[in-house]
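Asks: I have a structure I would like to understand better, so I am pasting it below and will then ask my questions one at a time.
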Amino acid sequence: MQTKFERGEPMSFLKTTLILCAGLALAACTDPGRFDGDNTVDLNGDNASGYGSGTASDPSSPAYFQQAVGDRVLFVIDTYTLTDIARNTLDGQARWLLANTDYQAVIEGHADEQGTREYNLALGARRANSVQEYLLSQGVPASRMRVVSYGKERPIEICSDESCYAQNRRAVTVISIGAGM
Amino acid sequence: MMYRLVTLLALIMATLSGMPAKAQDGPLRIEITEGVIEPMPFAVPEFVAGGAGGQVAADISNLIAADLAGTGLFRAIPSNAFISRVTSFSSPIQFADWKAVNAQALVTGAVDVDSAGKLVVRFRVWDVFAGQELGSGQQLVGTTDGWRRIAHKIADQVYSRITGEGGYFDSRVVFVSETGPKDKRAKRLAIMDYDGANVTYLTDSASLVLAPRFSPTGDRILYTSYETGFPRIYVLDVQSVSRRVLETQDGAMSFAPRFGPNGRNVVYSLTKGGNTDIYSMDINSGVSQRLTSAPSIETAPSYSPDGSQIVFQSDRTGTSQLYVMGANGGEARRISNGEGLYGTPVWSPRGDLIAFTKQSKRRFHIGVMRTDGSEERLLTASFLDEGPTWSPNGRVIMFTRETQGATGQANLYSVDITGRNLRRVPTAGGASDPAWSPLQ
């Protein structure tokens, strides 16, 4: 039998070096993260004890907002309705925001790790929206608030038990001055 | 020949078709059905090296064998069992020697380096028991750096000639590379060969990135990034790594994008006022169209391969289920019917199945069902499996598996659509959200 050698399809070997804009190169073109600003109070991660400027004894300080007023509300699994405790916290947030008009708020919605990534993004958005609607109803102008969902991407407690999940199903009101919304 | 093969298969083919298994002559073939339990033994003796081709000849032969064995459909016979040696590509094959070690398929080849420094690889596939060549010999030429792609292409040829189906070895996977503990996890986009080799990073880890998806030709990638502080969809050109934002509605979040089969339409989720619905966009014109408008969550859309339909997940009945609607929206019909929650449906490239994530009794599963929701089969079970993606030939599903607890980490796994051959895909650190490219 005669074997015919066929030329394989043209092997355009994309330079294996194709890509190569590894980390450093891209870093140059990436905008500074919205939450990296100095004015932003980041409760996630290791800034959690750092609490921005001021002290909790100063009622107009972000620290007071976080610690005395309470910057977060928690949700029952797979729900986004506000509990009585949550409404009470949000009443305090609304009063604080109405008294401290220099501050803008980004309301972050979060979910626990049970559930798919996409669903949890949508669920976190529902939770953040519940908070925003409540604050709106208490007179905080829409122009001072934005919402974002992190889904299950930013847990604060990392065990895989209900004790951690309960803390992760949250909406956090992150305040900042002149964030340029 | 056929008889011999059938004895290795589970006879399910014969049972299903109502035909008795008959001994007959026929080409070497694995009929891929759920019946393949016993992998077909094969041998890839080291390719004959000419000139400077020594190490790369061994590397190529080994990678071809690894690709084939990795499917679970084939079993490599170790070289120390070989009786016959192949010292010349043109010498006659000693079929008796290969029969004696029960090699049903044999792949022989030669590796040379031409005057321009290019790698020239020739190969042949043999049906040992029929004593015949299967298909015709081929020659592939490439750079020496590209030896892995040559090996994958040859393995694809062998796979196709024996199974009658397209291969998937010369393909890539884009995914999210993860580092750091669960509460400070850094994520960046990375791309690699389907087997975990040749990893390249496409973004840095300054911003959270999620769920990359290939275009139908593999030249572009859709993904979600928080680089503005809010989730938005970007489209990235693989070659130049340049990218642009796709959806910029103020006060809205966009995520879960997927290309349509024409590479121009994108379907995705947009959240406004806490409500998530499905939109499509012509990415050339930027014109978008709202496809669902319900107060419930509608997300994770995926086009059928002909572009006429979209499967998605919705909790409109109170629990998350799978629905199919036309590509322009309109009435949707529910297709998932079992107990539990269903999400992340993905239409198979063949069009016959939908892969999904199922959450039931505190366990997660990757499963497949027919496009009308019938014949649901769960392929995996663990603390957290999610986000299936199809191999280009629709035979294998890759997904994310995350382990439980404070030290939990995400990794990529693949499984055959029969539920067999579950394997971890090797990655340097944590990895999630894989998306399989088309065959290159």
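The values are calculated or read from the model by the stated rules, or taken from the named source; none is laboratory data. All figures in this text were calculated on a predicted structure; none of them were measured in a lab. Here the Cβ is made from the backbone with ideal geometry for all residues, glycine too, and neighbour counts use every protein chain on show.
Asks: Regarding A:T89, is this residue among the polar types (S, T, N, Q), surrounded by fewer than 17 Cβ atoms within 10 Å (Cβ to Cβ) and out of contact with any Asp or Glu (no Cβ under 8 Å at 6 or more places or on another chain)?
Replies: no
Asks: Given the residues B:G318, B:G307, which is the only one that is more than 21 Å from B:Y234 (Cβ to Cβ), free of Cβ contacts under 8 Å to residues at least 60 places away in the same chain and within 14 Å of chain A (Cβ to nearest Cβ)?
Replies: Going through B:G318, B:G307 in turn, the sole match is B:G318.
Asks: Considering only helices (runs of 4 or more DSSP H) fully contained in the range B:1-84, which possess at least 1 residues that are of a type in the set (D, E, K, R), within 27 Å of the chain's Cα centre (by Cα) and modelled with pLDDT of 85 or more?
Replies: Per the criteria, B:54-69.
Asks: Then there's this: From (1) in contact with a strand residue (DSSP E or B) (Cβ under 8 Å, 6 or more places away or on another chain); (2) of a type outside the set (K, R); (3) more than 14 Å from chain A (Cβ to nearest Cβ); (4) surrounded by 14 or more Cβ atoms within 10 Å (Cβ to Cβ), pick out the condition that doesn't hold for B:T87.
Replies: If we test B:T87 against (1) in contact with a strand residue (DSSP E or B) (Cβ under 8 Å, 6 or more places away or on another chain); (2) of a type outside the set (K, R); (3) more than 14 Å from chain A (Cβ to nearest Cβ); (4) surrounded by 14 or more Cβ atoms within 10 Å (Cβ to Cβ), just (4) comes out false.
Asks: Here is a further query. Just to be sure, is B:R213 more than 10 Å from chain A (Cβ to nearest Cβ) and either in contact (Cβ under 8 Å) with a residue 60 or more places away in the chain or buried (at least 24 other Cβ atoms within 10 Å of the Cβ) (or both)?
Replies: Yes: the conditions hold for B:R213.
Asks: Against the condition charged (D, E, K, R), more than 14 Å from chain B (Cβ to nearest Cβ) and either closer than 30 Å to B:R185 by Cβ or surrounded by 21 or more Cβ atoms within 10 Å (Cβ to Cβ) (or both), how does A:D84 come out, does it pass?
Replies: no
Asks: Let me ask you something else. Going by what's in this entry, would B:G229 be described as without any contact (Cβ under 8 Å) to a residue 40 or more places away in the chain and not in a strand (DSSP E or B)?
Replies: Here the answer is yes, as B:G229 does meet what is asked.
Here's the yes/no breakdown for (1) of a type in the set (D, E, K, R); (2) in contact with a strand residue (DSSP E or B) (Cβ under 8 Å, 6 or more places away or on another chain); (3) part of a loop (DSSP other than H, G, I, E, B):
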residue	(1), (2), (3)
B:N337	no, no, yes
B:P349	no, yes, yes
B:M369	no, yes, no
B:T380	no, yes, yes
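Asks: Can you confirm whether the range B:273-290 contains a residue that is touching a Pro at 6+ places or on another chain (Cβ under 7 Å), more than 30 Å from A:L136 (Cβ to Cβ) and modelled with pLDDT of 95 or more?
Replies: no
Asks: Still on this structure, I have one more. Mind listing whichever residues of the range B:132-149 are facing chain A (nearest Cβ under 8 Å) and closer than 15 Å to B:L63 by Cα?
Replies: Of everything in the range B:132-149, those that are facing chain A (nearest Cβ under 8 Å) and closer than 15 Å to B:L63 by Cα turn out to be B:D145, B:G146, B:R149.
Asks: Going by the conditions given, is B:S254 outside any loop (DSSP other than H, G, I, E, B), among the polar types (S, T, N, Q) and within 11 Å of chain A (Cβ to nearest Cβ)?
Replies: Here the answer is yes, as B:S254 does meet what is asked.
Asks: Let me ask another. When you look at A:V140, is it surrounded by fewer than 23 Cβ atoms within 10 Å (Cβ to Cβ) and at pLDDT 95 or above, yes or no?
Replies: Yes: the conditions hold for A:V140.
Asks: Residues of the range B:392-416 being touching a Ser or Thr at 6+ places or on another chain (Cβ under 7 Å) and touching a residue at least 60 places away in the same chain (Cβ under 8 Å), which ones?
Replies: If the condition is that a residue be touching a Ser or Thr at 6+ places or on another chain (Cβ under 7 Å) and touching a residue at least 60 places away in the same chain (Cβ under 8 Å), then B:P392, B:V396, B:M398, B:G408, B:Q409, B:A410, B:L412 are the ones that fit.
Asks: Kindly indicate which of B:A110, B:A116, B:A96, B:A155 is in a loop (DSSP other than H, G, I, E, B) and assigned by TED's automatic domain parsing to the domain that holds B:A76.
Replies: B:A116
Asks: While we're here: Condition first: closer than 18 Å to B:N393 by Cβ and surrounded by fewer than 17 Cβ atoms within 10 Å (Cβ to Cβ). Now tell me which residues in the range B:136-162 satisfy that.
Replies: B:S160
Asks: Those residues that are outside any strand (DSSP E or B) and either within 14 Å of chain A (Cβ to nearest Cβ) or on the phi > 0 side of the Ramachandran plot (or both), I need them from the range B:274-304; list them, please.
Replies: B:G274, B:G286, B:T292, B:A294, B:P295, B:S296, B:I297
Asks: Quick one: is B:S240 touching a strand residue (DSSP E or B) at 6+ places or on another chain (Cβ under 7 Å) and either farther than 24 Å from B:Y194 by Cα or facing chain A (nearest Cβ under 9 Å) (or both)?
Replies: So B:S240 fails the test.
Asks: Additional query: Give B:Y234, B:Y223 a once-over and let me know the one that is within 19 Å of the chain's Cα centre (by Cα) and of a type in the set (F, W, Y).
Replies: Result of the check over B:Y234, B:Y223: B:Y223.
Asks: While we're looking at this one, here's another question. State the number of residues belonging to the range A:100-144 that are within 10 Å of another protein chain (Cβ to nearest Cβ), over 23 Å from B:P295 (Cβ atoms) and in contact with a strand residue (DSSP E or B) (Cβ under 6 Å, 6 or more places away or on another chain).
Replies: Selection size over the range A:100-144: 1.
Asks: Further, regarding this structure: Looking only at the range A:120-156, count every residue that is assigned to a helix (DSSP H, G or I) and in contact (Cβ under 8 Å) with a residue 12 or more places away in the chain and tell me the total.
Replies: Residues in the range A:120-156 being assigned to a helix (DSSP H, G or I) and in contact (Cβ under 8 Å) with a residue 12 or more places away in the chain: 17 in total.
Asks: Output the qualifying pairs, or none if there are none: Cβ atoms under 7 angstrom, residues six or more apart or on different chains, first residue in the range B:239-254 and over 16 Å from B:V266 (Cβ atoms), second residue of a type in the set (K, R).
Replies: Once the first residue is over 16 Å from B:V266 (Cβ atoms) and sits in the range B:239-254, its partners that are of a type in the set (K, R) give B:G251/A:R146; B:G251/B:K272.
Asks: Go through the range B:400-414 and report how many residues are within 11 Å of another protein chain (Cβ to nearest Cβ), among the small types (G, A, S) and at negative phi.
Replies: Count: 3.
Asks: How many residues does the range A:121-138 hold that are out of contact with any Gly (no Cβ under 6 Å at 6 or more places or on another chain) and within 15 Å of A:F75 (Cα to Cα)?
Replies: Residues in the range A:121-138 being out of contact with any Gly (no Cβ under 6 Å at 6 or more places or on another chain) and within 15 Å of A:F75 (Cα to Cα): 6 in total.
Asks: Among the residues of the range B:257-273, count how many are buried (at least 22 other Cβ atoms within 10 Å of the Cβ) and within 8 Å of chain A (Cβ to nearest Cβ).
Replies: 2
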